[in-house]
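Engineer: First, the structure itself, so that you have it in front of you.
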Amino acid sequence: FHGIISREQADEILAGVEGAYILRESQRQPGCYTLALRFGNQTLNYRLFYDGKHFVGEKRFESIHDLVTDGLITLYIETKASEYISKMTTNPIYEHIGYATLLREKVSRRLSRTKSESRKASVTSEENTPVEKITSLVRRAALTQNDNHFNYEKAHNFKVHTFRGPHWCEYCANFMWGLIAQGVRCSDCGLNVHKQCSKYVPNDCQPDLKRIKRVYCCDLTTLVKAHNTQRPMVVDSCIREIEARGLKSEGLYRVSGFTEHIEDVKMAFDRDGDKADISASIYPDINIITGALKLYFRDLPIPVITYDTYSKFIEAAKIANPDERLEAIHEVLMLLPAAHYETLRYLMIHLKKVTLHEKENFMNAENLGIVFGPTLMRPPEDSTLATLNDMRYQKLIVQLLIENEDVLF
């Protein structure tokens, strides 16, 4: 650290020493710090920040030395390989050329031949040359062709990632450079790509069950794709149990079960998935099962009626003419993601069955609308006032969906 010195003085100190750096306090802005770095026979100056880690851009480093190391790598690549970088996304290997095609064919043959065998079996080429690693790209392609019958579209959940050792992008097959945060990884399927390549990757994420740590609080589309089901298995299991023994139960969905027991059901699904035991021998009170189903919907990070469509549903509910209102609701339903639409459709069919036993359970479509309105749809902004203002429309939307499920779906 050289205290308060000018750019010219920093340039004199660093002259002729490629890759050298110093820190200085700015003459123009005392209290602000600058990293002066010698690269390409010139001194480059960067405003330096600290929030527990050092940074000049998006990446944060424990030490200035690491920051400079990463910066030199990036500057070198961007200077010497600008043509390489500009061409990275023009001819991607993602779907149709290079090693991806070769390995996909082998994995596809293996999966179709040994469905019952462990997926961890080693794969060899026709010449018995071992393939060291099946990339997430190939695994995803094989799943698409062989296993996933409910191929809902899903965007990748990319997060900045630091790779240990040399790594290559699974979109363009080019090297991922840098000391840390060299690219991004999909936390749902494990796809590794450059940050700039992530903009071009299709919405074809095939989540890996090993990466899905829980059932509750998991994105709906992610869960159904990971389990290869049309709907979340929580919804199927709970509705199956409710219809088997609870349709005539008084106050169904309105009466609450014990919170501790509902939490037990939640933990069972998180732990055991579709093998969770929610039978009458374990949970004789059907209100525990209805409570667990409602809790699942409340815990979704994106509600069944998504944030993107929320305002459109509310506007549709405000239409006075009944026929026009139903038409508007139907149009908005078509905007829901496929997994959300299928889940909502299945739930409405079930709730219609509940209303058919109104004489015993005292639950009509309006009562169910009061219960499920705020459970299935929430305003994008966490505003108490907006929620209170919209409650009657939330109730009306669910009521209309139940009463007209045969028409709307």
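Engineer: Before I look further, what does the chain give for accessible area per residue, probe 1.4 Å, in whole square angstrom?
Structural biologist: 52 Å²
Engineer: Work out Dmax and Rg for region 227-407 from the C-alpha atoms and quote the Rg first, both in angstrom.
Structural biologist: For region 227-407, the Cα-based Rg and Dmax read 16.1, 49 Å.
Engineer: Let me have the 222 nm mean residue ellipticity of the chain computed from DSSP H runs of 4+ only, each contributing -39500 (n - 2.57), with the sum over all residues rounded to the nearest 500. Mind dumping the intermediate values first?
Structural biologist: Details: 16 runs with 187 residues, N = 409.
Helix contribution divided over all residues of the chain: -14000 deg cm²/dmol.
Engineer: Rounded to two decimals, what ratio of Rg to Rh does region 205-246 give with C-alpha atoms and a Kirkwood Rh?
Structural biologist: On the way: Rg = 11.7 Å, Rh = 11.0 Å.
Looking at region 205-246, the ratio lands at 1.06.
Engineer: From the list (i) 19.2; (ii) 25.8; (iii) 28.2, can you say which value of mean projected area of the Cα convex hull in nm² was derived from the structure given?
Structural biologist: (iii)
Engineer: If one computes the Cα centroid of region 248-285 and of region 347-399, what distance in Å separates the two points?
Structural biologist: Each part reduced to its Cα centre gives a spacing of 21 Å.
Engineer: Can you tell me which of Glu260, Glu153, Glu241 moves the most in a GNM of the chain? Springs connect C-alpha atoms under 10 Å apart.
Structural biologist: So, out of Glu260, Glu153, Glu241, the one fluctuating most is Glu260.
Engineer: For Phe39, enumerate residues with amide H under 5 Å from its amide H, sequence gap 5+ or separate chain, H modeled in the peptide plane.
Structural biologist: Close amide H contacts, sequence-distant or interchain: Gly19, Leu44.
Engineer: Here's another thing I want to ask about it. Residues with amide H under 5 Å of Phe163's amide H, sequence separation 5 or more or different chain, H placed in the peptide plane at 1.01 Å from N; which?
Structural biologist: Amide H neighbours of Phe163, under 5 Å, 5+ apart: Ala181, Gln182, Gly183.
Engineer: Restricting things to Cα coordinates, could you compute the convex hull volume per residue of region 162-297 in Å³?
Structural biologist: Working: hull volume 17.6 nm³, N = 136.
Dividing the Cα hull volume of region 162-297 by its residue count gives 129 Å³.
Engineer: Okay, next question. How large is the convex hull of the Cα atoms of region 335-386 per residue, expressed in Å³ as a whole number? Walk me through the intermediate numbers first.
Structural biologist: On the way: hull volume 4.9 nm³, N = 52.
Per-residue hull volume (Cα only) is 94 Å³.
Engineer: Something else about it: For the chain, find the longest principal axis of its Cα atoms and tell me its angle to the long axis of helix 365-376, 0 to 90°, nearest 10.
Structural biologist: With both axes taken from Cα atoms, the answer is about 10 degrees.
Engineer: Continuing with this model, one more query. With the contact rule set at Cα under 8 Å and sequence spacing of 6 or more, what percent relative contact order holds for the chain?
Structural biologist: Numbers: 589 pairs, mean separation 41.2, N = 409.
Computed over the chain, the figure is 10 percent.
Engineer: Taking amide H atoms as placed 1.01 Å from N in the peptide plane, list the residues 5 or more away in sequence, or in a different chain, whose amide H sits under 5 Å from that of Lys154.
Structural biologist: Asp204, Cys205
Engineer: Please report, to two decimal places, log10 I(q)/I(0) for region 7-87 at q = 0.21, 0.26, 0.27 Å⁻¹ as given by the Debye formula with identical point scatterers on the Cα atoms and no solvent.
Structural biologist: Calculated log10 I(q)/I(0) at the listed q: -1.01, -1.27, -1.31.
Engineer: Taking θ as phi - 60°, what are the ³J(HN,Hα) couplings along region 394-408 by the Karplus curve (6.51, -1.76, 1.60), each to the nearest whole Hz, with x for Gly and Pro?
Structural biologist: Once θ is set to phi - 60°, the couplings for region 394-408 become 4, 4, 5, 4, 5, 4, 5, 5, 5, 5, 10, 4, 5, 8, 6 Hz.
The values are calculated or read from the model by the stated rules, or taken from the named source; none is laboratory data. Being a predicted model, the structure only gives us computed values, none of them experimental. For the accessible areas, the whole protein counts, side chains as well, though only heavy atoms, and no ligand, DNA or RNA atoms are used. Shrake-Rupley method; radii C 1.70, N 1.55, O 1.52, S 1.80 Å.
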